[in-house]
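Visitor: Mind having a look at this structure? Questions to follow.
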Amino acid sequence: MQDINSAVETLVHSSNTYFLLIGAIMVFAMHAGFAFLEVGTVRHKNQVNALVKIITDFAVSCIAYFFIGYWIAYDVTFFNNAQTLASNNGYDLVKFFFLMTFAAAIPAIISGGIAERARFYPFLIASALIVSVVYPFFEGLIWNGNHGFQAWLQQTTGASFHDFAGSVVVHGMGGWLALVGVYFLGLRRGREKDNRLIAFAPSNIPFLALGTWILCIGWFGFNVMSAQSMDGISGLVAMNSLMAMVGGILAALWFGKNDPGFIHNGPLAGLVAVCAGSDVMHPIGSLFVGLIAGWIFVKLFTIMQQTKKIDDVLGVWPLHGVCGAWGGIAAGIFGLESLGGLGGVSFTAQLIGTIAGIVIALLGGLVVYGLVNKVTTIRLSEEEEFKGADLSIHNIGSINHD
C-alpha cells in the first residue's frame, strides 16, 4: 500500500510539473507574438529594434525576477542545492518559469508603447527595475496575500480581489506603466505637421496578423494553465477565453470599420479583459466582456491618435491598461451568480483592487522612468530617430536589398 501511495504521489507531482511546463512554454511563445505585433506596426526603420527589444527584455526580466522579483513576491529564493530544488519533480522550478514569463510580459507590453524613439539601454535598465521591484510588489499583494491587502478586502467587502490570470496584475500593470513611459517620451518626430497630427500606417499587416495569431494561441496557456495544477484545470476557462476573444474580434470589426489594425487587436482586447474572471464567469458573460473590450480599444485608440500628449504606438495603454482594468471590474459583475457566474466575487473588492493596481503602476512608473531619465536621457536624438532605431542602435536594417 505504501508503494502504491508513493507511486500515486510521484504521478501527481510529475503530472503537475508537466502541465505547468507546457503552460510556461506556451506563454514563452507569446513573446514572439508581442515581437511580430510590434514589427508589423512600427515603420520599417524600427523593425530590427522591435525584435531585439523583446528578446533582450525577456533575458533581463528572467535575471531580475530570479534574483529579486520572485523573492519579493513569494519570499522564495533559489540558493539551495540542486537536489533540494529538484524535489517534487522540480515543480517549484517550473512554477518560477511559468510566473517569470508573466513578469517578462510587462516589458514586452511597454515596448509597443515606447517604440520608435526610445533609447535601448535606458529602457532595459527600466525593465529590470520594474520586473525586480514594481511588478512583484503588486503580484505578491494579490497572488500571495502579502502585506494583508487581500485579508483586508475579504474582511471589508466579503471577498478578496479576484484576478485568476492577470487582467490587472499583468496586463493592467503593463499598460499603465507604459502610459508613464510614453508620456515621458512625447510625440514621435514627424507626427505633427502644420499643427495637425499625422498617423503612421502599420508597415506590415501580415507580420501584425502573425503576432496576433501567436498571442491568441498562447493565451490559452496563459489562462488555462494559471490553475497551476492538473486538478485545478477547467474547460470553463478555455471556453470563456474563446468567447471573449471572438467578442473582441466582432466589436473591433464593427466599430473599427474593417480596419485590419483594429481587427487584429480586437481579440487581444477581449483576452486581456477575460483573464481576471475566466474561471468564474458564464461564457455568455465573457462574450459581453470581450465585446465591450473591443469597443474600448477602438474608441480610445482613435481618441489617442488625436492628442499631442500621448503617442502610444501600438495602443498598449487602451489595450492592456484600460481593457485590463475593465477585466478586473468585469469579474465583479459577470462573475456574480445572479448573472450566471460561479460567485465568490465582490464588485467593490474588484473595483478597489483594480484602482490599487493602477495607482501602483503609475507611481512605480513615475519613480522608475523619472529616475532613469534623470541619470541618462531616455529618448533618441533627433538625428537617430530620423535614421531609425535599427541603424542608430543596431547598425543594420531589417532587409538587405543587395
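Visitor: Within the stretch 218-226, does at least one residue satisfy the condition of being of a type in the set (S, T, N, Q) and free of Cβ contacts under 8 Å to residues at least 24 places away in the same chain?
Guide: No, the stretch 218-226 contains no residue that is of a type in the set (S, T, N, Q) and free of Cβ contacts under 8 Å to residues at least 24 places away in the same chain.
Visitor: Against the definition (farther than 20 Å from Phe222 by Cβ, of a type outside the set (Gly, Ala, Ser), open to solvent by 10 Å² or more (accessible area, probe 1.4 Å) and at pLDDT 95 or above), how does Leu253 come out, yes or no?
Guide: Yes; evaluated as a whole, the condition is true for this residue.
Visitor: I've got another one for you. Checking Ser398 against (1) surrounded by 15 or more Cβ atoms within 10 Å (Cβ to Cβ); (2) assigned to a loop (DSSP other than H, G, I, E, B); (3) without any contact (Cβ under 8 Å) to a residue 40 or more places away in the chain: exactly one of these is not met. Which one?
Guide: With respect to (1) surrounded by 15 or more Cβ atoms within 10 Å (Cβ to Cβ); (2) assigned to a loop (DSSP other than H, G, I, E, B); (3) without any contact (Cβ under 8 Å) to a residue 40 or more places away in the chain, Ser398 is out only on (3).
Visitor: I'm trying to understand the selection: among the residues of the stretch 297-317, which are β-branched (Val, Ile, Thr) and either over 16 Å from Val168 (Cα atoms) or in contact with a Phe, Trp or Tyr (Cβ under 6 Å, 6 or more places away or on another chain) (or both)? Let's see the steps before the verdict.
Guide: Of the residues in the stretch 297-317, the ones β-branched (Val, Ile, Thr) are 298, 302-303, 307, 310, 313, 316.
Result: Val298, Thr302, Ile303, Thr307, Ile310, Val313.
Visitor: Would it be correct to say that Asn89 is in contact (Cβ under 8 Å) with a residue 12 or more places away in the chain and on the phi > 0 side of the Ramachandran plot?
Guide: It is true that Asn89 is in contact (Cβ under 8 Å) with a residue 12 or more places away in the chain and on the phi > 0 side of the Ramachandran plot.
Visitor: Of the numbered conditions (1) touching a Leu at 6+ places or on another chain (Cβ under 9 Å); (2) under 27 Å from Phe138 (Cα atoms); (3) in contact (Cβ under 8 Å) with a residue 12 or more places away in the chain, Thr41 satisfies every one except a single condition; which is it?
Guide: (2)
Visitor: Just the residues that are over 18 Å from Phe120 (Cα atoms) and open to solvent by less than 30 Å² (accessible area, probe 1.4 Å), please, taken from the stretch 42-73.
Guide: Listed by number, the residues that qualify are Tyr65, Gly69, Tyr70, Ala73.
Visitor: Considering only residues that are surrounded by fewer than 18 Cβ atoms within 10 Å (Cβ to Cβ), in a helix (DSSP H, G or I) and touching a helix residue (DSSP H, G or I) at 6+ places or on another chain (Cβ under 9 Å), which ones fall in the stretch 149-162?
Guide: Hits for the stretch 149-162 are Gln154, Thr156.
Visitor: Among the candidates Ser338, Ser278, single out the residue that is hydroxyl-bearing (Ser, Thr, Tyr), surrounded by fewer than 24 Cβ atoms within 10 Å (Cβ to Cβ) and modelled with pLDDT of 95 or more.
Guide: Answer to the check: Ser338.
Visitor: If Val280 meets every condition in (1) touching a Phe, Trp or Tyr at 6+ places or on another chain (Cβ under 6 Å); (2) more than 27 Å from Ala32 (Cβ to Cβ); (3) not in a helix (DSSP H, G or I) apart from one, which number is that one?
Guide: (1)
Visitor: Return a yes/no flag: does the stretch 91-99 have any residue that is open to solvent by 70 Å² or more (accessible area, probe 1.4 Å), of a type in the set (Asp, Glu), part of a helix (DSSP H, G or I) and under 23 Å from Gly145 (Cβ atoms).
Guide: yes
Visitor: Same structure again: Quick check on the stretch 64-71. Is at least one of its residues among the hydroxyl-bearing types (Ser, Thr, Tyr) and within 16 Å of the chain's Cα centre (by Cα)?
Guide: Yes, the stretch 64-71 contains at least one residue that is among the hydroxyl-bearing types (Ser, Thr, Tyr) and within 16 Å of the chain's Cα centre (by Cα).
Visitor: Continuing with the same structure: Search the stretch 74-84 for residues being within 29 Å of the chain's Cα centre (by Cα) and farther than 23 Å from Ala227 by Cβ, and hand back the single one that is surrounded by the fewest Cβ atoms within 10 Å (Cβ to Cβ). So that I can check it myself, show each step before the final result.
Guide: At the first step, the residues of the stretch 74-84 found to be within 29 Å of the chain's Cα centre (by Cα) are 74-79.
Filter again for farther than 23 Å from Ala227 by Cβ, leaving 77-79.
Values: Thr77: 11, Phe78: 14, Phe79: 8.
My answer is Phe79.
Visitor: If you scan the stretch 347-402, which residues turn out to be touching a helix residue (DSSP H, G or I) at 6+ places or on another chain (Cβ under 7 Å), more than 20 Å from Ser127 (Cα to Cα) and among the aromatic types (Phe, Trp, Tyr)?
Guide: If the condition is that a residue be touching a helix residue (DSSP H, G or I) at 6+ places or on another chain (Cβ under 7 Å), more than 20 Å from Ser127 (Cα to Cα) and among the aromatic types (Phe, Trp, Tyr), then Phe347 is the only one that fits.
Visitor: Looking at the stretch 255-277, which of its residues are small (Gly, Ala, Ser) and outside any helix (DSSP H, G or I)? Spell out how you get there, then give the answer.
Guide: Filtering the stretch 255-277 down to residues small (Gly, Ala, Ser) leaves 256, 261, 266, 269-270, 273, 276-277.
Listed by number, the residues that qualify are Gly256, Ala276, Gly277.
Visitor: Here's something else I'd like to know. Taking Ser15, is it within 18 Å of Gly232 (Cα to Cα), open to solvent by less than 60 Å² (accessible area, probe 1.4 Å) and among the small types (Gly, Ala, Ser)?
Guide: Numbers: within 18 Å of Gly232 (Cα to Cα): yes; open to solvent by less than 60 Å² (accessible area, probe 1.4 Å): yes; among the small types (Gly, Ala, Ser): yes.
Considered against the rule, which asks whether it is within 18 Å of Gly232 (Cα to Cα), open to solvent by less than 60 Å² (accessible area, probe 1.4 Å) and among the small types (Gly, Ala, Ser), Ser15 comes out as yes.
Visitor: Going through the stretch 386-402 one residue at a time, which ones are more than 20 Å from Ile54 (Cβ to Cβ) and not aromatic (Phe, Trp, Tyr)?
Guide: Of everything in the stretch 386-402, those that are more than 20 Å from Ile54 (Cβ to Cβ) and not aromatic (Phe, Trp, Tyr) turn out to be Lys387, Asn400, His401, Asp402.
Visitor: Considering only residues that are in contact with a Leu (Cβ under 8 Å, 6 or more places away or on another chain), assigned to a helix (DSSP H, G or I) and of a type outside the set (Phe, Trp, Tyr), which ones fall in the stretch 291-307?
Guide: Passing the criteria: Leu291, Gly294.
Visitor: Residue under question is Ile296, and the condition is that it be modelled with pLDDT of 95 or more, open to solvent by 20 Å² or more (accessible area, probe 1.4 Å), under 15 Å from Met243 (Cα atoms) and not basic (Lys, Arg); does it hold?
Guide: Against the criterion (modelled with pLDDT of 95 or more, open to solvent by 20 Å² or more (accessible area, probe 1.4 Å), under 15 Å from Met243 (Cα atoms) and not basic (Lys, Arg)), Ile296 does not qualify.
The values are calculated or read from the model by the stated rules, or taken from the named source; none is laboratory data. Quick caveat: nothing in here was measured; it's all calculated off a predicted structure. Positions of Cβ are generated from backbone atoms using ideal geometry, with glycine treated the same way; all protein chains shown enter the neighbour counts. Only protein heavy atoms, including side chains, enter the accessible area calculation; ligands, DNA and RNA are left aside. Shrake-Rupley method; radii C 1.70, N 1.55, O 1.52, S 1.80 Å.
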